[in-house]
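The structure under discussion appears below in the form of structure tokens.
The values are calculated or read from the model by the stated rules, or taken from the named source; none is laboratory data. As the structure is a prediction and not an experimental result, all values here were calculated from the model. Cβ placement follows ideal geometry from the backbone for every residue including glycine, while neighbour counts extend to all protein chains displayed. The accessibility values were calculated without ligands, DNA or RNA, using every heavy atom of the protein model including side chains. Shrake-Rupley method; radii C 1.70, N 1.55, O 1.52, S 1.80 Å.
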Amino acid sequence: MTRTALDILNTVYGYPAFRGHQAEVVDHLTAGGDALLLMPTGGGKSVCYQIPALLREGTGIVVSPLIALMQDQVDALRLIGLRAAFLNSTLSLDDVRLTEELLRRGELDLLYVAPERLLQERTLALLDETREGSGLALFAIDEAHCVSQWGHDFRPEYLQLDVLASRYPGVPRLACTATADERTRVEILENLKLGTGRVFVGGFDRPNIRYSVVPKDNPRRQLLDFLRDEHDRDAGIVYCLSRKRTEETAAFLSQNGIEALPYHAGMTADARRRHQERFLREDGLVICATIAFGMGIDKPDVRFVAHVDLPKSVEGYYQETGRAGRDGLPADAWLCYGLQDVVMLNKIAENSGSDDQPVDEMHRRRQRQQLDAMLGYCEIVDCRRQMLLAYFGEDLPEPCGNCDTCLAPPETYDGTVAAQKVLSCVARTGQRFGAQHIIDVLRGSENERIRRFGHDQLPTHGVGQEFDAFAWRSVVRQLVAQGILALDPEGFGGLKLTAASRPVLQGERELRLRRDVLTKTASRRRAASPAALTADFDGEVDAVTAALFDRLRAVRKDLAAEQGVPPYVIFHDKTLAAMALHKPTSGEAFLRLSGVGEKKLERYGERFMDVVRSAETEAG
Ligand code: ADP
Ligand code: ZN
């Protein structure tokens with residue numbers, strides 16, 4: 001009997017149904033077609049090439065730049081009974097020979113290879129031989145946006161992957177990425193010679209991620225409060241702009257009882273590997289990272305992604321936040337930003353390039369546009385998700401109901417007079433001072449700097465008593481975001497008037513502003529129960545179930561340590577939660593849990609069911 005794709009999904013992976021475009025892509029590839037697949041992180045790209053590799057004759061070759069993760073990926077596949085291996089520079093020569101031999105003999109379903117490895121003549125010769133012998137089922141090119149010279153992850157080796165098209169015509173190829181950008185899409189199709197392939201674009205919405213933005217006041221304190229209130233003992237990533245900040249933030253969190261580690265390009269490769277390893281293997285660890293961290297991390301239970309500095313672009317931001325909640329359970333994308341971030345990013349944009357290699361004006365303009373879009377996102381008074389998806393060309397007809405502006409719609413007020421005060425103060429002080437000084441003048445401060453410049457003599461001195469400094473900062477930020485004020489391009493933070501200032505100053509334009517508050521927005525506060533338990537279950541989770549869930553997690557932790565794999569490779573939280581709620585005590589019932597296939601039942605069923613049985617007995 002021939003197996004169908006759905007059979008494999010049910011029995012090997014233990015999932016009841018395909019999601020989104022998965023079934024279509026699987027059919028297309030199995031039938032020998034080429035394709036480009038765009039799907040958000042966590043969308044489920046892997047089964048799209050893994051199942052066709054099982055259905056077709058021969059071995060599926062997966063090209064991936066993520067050497068550090070190959071071992072875990074291969075371990076996870078072996079646990080569900082697939083014959084998988086990898087070839088990269090971390091293997092000993094003996095292991096390389098063994099893997100090559102398995103491939104020649106047709107004893108592998110999937111082989112993961114780093115691009116530079118694949119392009120070596122030795123590997124290509126091996127693939128030639130395999131094609132003539134046991135066969136090549138397909139090529140999957142993961143993280144395909146690395147072929148884009150404009151993108152932030154460009155890898156020159158990717159450009160040479162077009163050799164697969166000329167050398168192995170007839171072997172289907174699937175390029176996968178989570179980057180949606182039109183330009184990247186075109187570059188992938190061209191550079192990988194996927195001309196006639198189909199393009200599958202998955203929806204980019206990640207409804208389980210809650211988006212929120214808070215105005216920056218004391219960022220580390222704000223982060224700590226957020227983590228204490230919402231993410232007790234949860235794993236997450238905190239993105240920072242500089243290496244120094246990753247270290248300071250990690251130290252601060254650790255001092256305050258939240259275990260956190262830094263990760264940035266300035267650390268040794270070994271230290272980076274260790275920290276990444278711990279993040280994957282331990283429960284509830286926080287990583288404070290620059291953007292160098294996270295690509296391809298498929299840890300499914302990252303419960304939050306926090307940004308304590310403003311990201312450079314909406315694309316980058318969406319990709320980074322997409323690393324939260326891949327298991328579909330509730331997760332947070334939390335961003336804390338202030339005017340200083342904008343000053344900083346302006347400066348970086350201005351100084352990118354060097355004397356030898358000046359950055360062209362086009363590139364600089366693009367960076368500014370990206371920053372403007374990011375600012376627009378931060379200051380929006382409507383649904384944040386609608387804006388994010390619109391940015392990627394997707395229309396969300398209704399407000400999402402799961403972002404901060406939907407949950408606690410911001411109050412707006414007539415800010416015309418406040419704006420006029422700021423603009424006129426900027427004009428009278430000569431358009432060269434930063435927000436802090438302007439606010440000091442408005443609030444009537446008598447500090448040394450103000451006296452030295454004679455700004456205590458200005459008519460705008462002291463006219464802004466109605467707001468505190470926090471509220472004034474909010475006004476300035478909104479004026480900058482709306483282009484009514486500009487920051488000096490040199491990156492000193494000086495504020496200048498723009499063409500859009502005049503109508504406001506002259507009272508021709510009314511301005512509505514949002515009233516920022518420092519208090520926390522609607523908190524989800526999940527009582528004592530973890531997200532996994534409450535997500536799929538409306539009603540009180542009883543104490544027995546909650547205790548059982550904890551015990552199941554402990555068993556998983558022991559098993560993971562015994563086998564040297566990350567806990568989620570054994571079972572996802574979602575599967576453990578289903579186990580705690582349904583309390584299966586027979587193989588049949590156990591197999592019905594989402595995420596349990598035949599191999600995992602065989603391997604782990606009894607051990608987990610023992611725990612369920614003893615909990616049942618104790619509960620009487
Ligand atoms: P991507 O590579 O697109 O980021 P993955 O392939 O790692 O995503 O899949 C994300 C998660 O979703 C994985 O934990 C995977 O096991 C799970 N998953 C994939 N397809 C399905 C499905 N049809 N039903 C349930 N879970 C799925
Ligand atoms: Zn919303």
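Observations on the structure shown:
- Surface composition of the chain: carbon and sulfur atoms hold 49% of the protein heavy-atom accessible area at a 1.4 Å probe.
- Note on THR30: accessible area is roughly 40 Å² with a 1.4 Å probe, heavy atoms of protein only.
- Shown in residue order for segment 376-383 are the 3J(HN,Hα) couplings computed by the Karplus curve 6.51 cos²θ - 1.76 cosθ + 1.60 at θ = phi - 60°: x, 4, 5, 9, 4, 9, 9, 4 Hz (x for Gly and Pro).
- Whole-Hz ³J(HN,Hα) from phi, Karplus 6.51 cos²θ - 1.76 cosθ + 1.60, for segment 595-605, glycine and proline x: x, 10, x, 4, 5, 6, 4, 4, 6, 10, x
- Treating each Cα of segment 140-179 as one equal point scatterer and applying the Debye formula with no solvent, the log10 of I(q)/I(0) at q = 0.29, 0.30 Å⁻¹ comes out as -1.01, -1.05.
- Paramagnetic label reach from GLU490 (point 7 Å along Cα→Cβ; backbone nitrogen cut-off under 17 Å): within segment 322-353, residues 343-352.
- Nonlocal amide H pairs with ARG83, under 5 Å, H built at 1.01 Å: ASP109, LEU110
- Rounded tilt (10° steps) of 469-481 against the dominant C-alpha axis of the chain: 70 degrees
- Under-5 Å amide H pairs with ARG210, H placed in peptide plane, nonlocal only: ALA331, ASP332, ALA333
- Between the residues ALA289, ALA165, CYS176, the greatest Cα displacement towards the positive end of the dipole of the chain, with unit charges on the Cβ of Lys, Arg, Asp and Glu, is found for ALA289.
- Over the chain, Cα pairs under 8 Å with separation of 6+ residues give a relative contact order of 14 percent.
- Reachable lysines from LYS421, criterion Cα separation under 19 angstrom, eight or more residues apart if same chain: LYS496
- Approximating the spin labels as points 7 Å out from Cα along Cα→Cβ, the ASP94-to-ARG603 distance works out to 2.4 nm.
- Karplus-derived 3J(HN,Hα), 6.51/-1.76/1.60, for each residue of segment 135-143, Hz, glycine and proline x: x, 10, 6, 5, 10, 10, 10, 7, 6
- Its Cα centre serving as origin, segment 1-70 has a Cβ charge dipole (Lys and Arg +1, Asp and Glu -1) of approximately 160 debye.
- 20 Å Cα-Cα threshold exceeded, pairs from LYS193/LYS312; LYS244/LYS312; LYS216/LYS312; LYS312/LYS347: LYS193/LYS312
- Estimated D of the chain in µm² per second, where Rh is the Kirkwood radius over Cα pairs and Stokes-Einstein applies at 25 °C, 0.890 mPa s: 92 µm²/s
- Shape analysis of segment 264-404 based on the Cα gyration tensor places the equivalent ellipsoid semi-axes at 26, 25, 12 Å, largest first.
- Within the chain, percent of DSSP bridges classed antiparallel, to nearest 5: 10 percent
- Charge tally around SER242: other residues with Cβ under 11 Å, Lys/Arg +1 each, Asp/Glu -1 each, net 0.
- Simple label model, 7 Å out from Cα along Cβ direction - LEU124 to ARG167, nm: 0.4 nm
- Three-way shape call for segment 531-619 based on the alpha-carbon gyration tensor, with the a/c threshold at 1.5: rounded
- Dimensionless Rg/Rh of segment 377-472 - Kirkwood Rh, Rg from C-alpha atoms: 1.18
- Placing +1 on the Cβ of every Lys and Arg and -1 on the Cβ of every Asp and Glu, with no other charges, gives segment 42-169 a dipole of roughly 220 debye about its Cα centre.
- Sorted largest first, extent of segment 412-514 alpha carbons per principal axis (Å): 34, 32, 23
- Per residue, the chain reaches -13500 deg cm²/dmol at 222 nm when only DSSP H runs of four or more residues are counted, each adding -39500 (n - 2.57).
- 0 to 90° range, to nearest 10: angle between helix 93-104 axis and the chain longest Cα axis: 70 degrees
- Note that the chain presents 43 Å² accessible area per residue, ligands and nucleic acids not counted, probe 1.4 Å.
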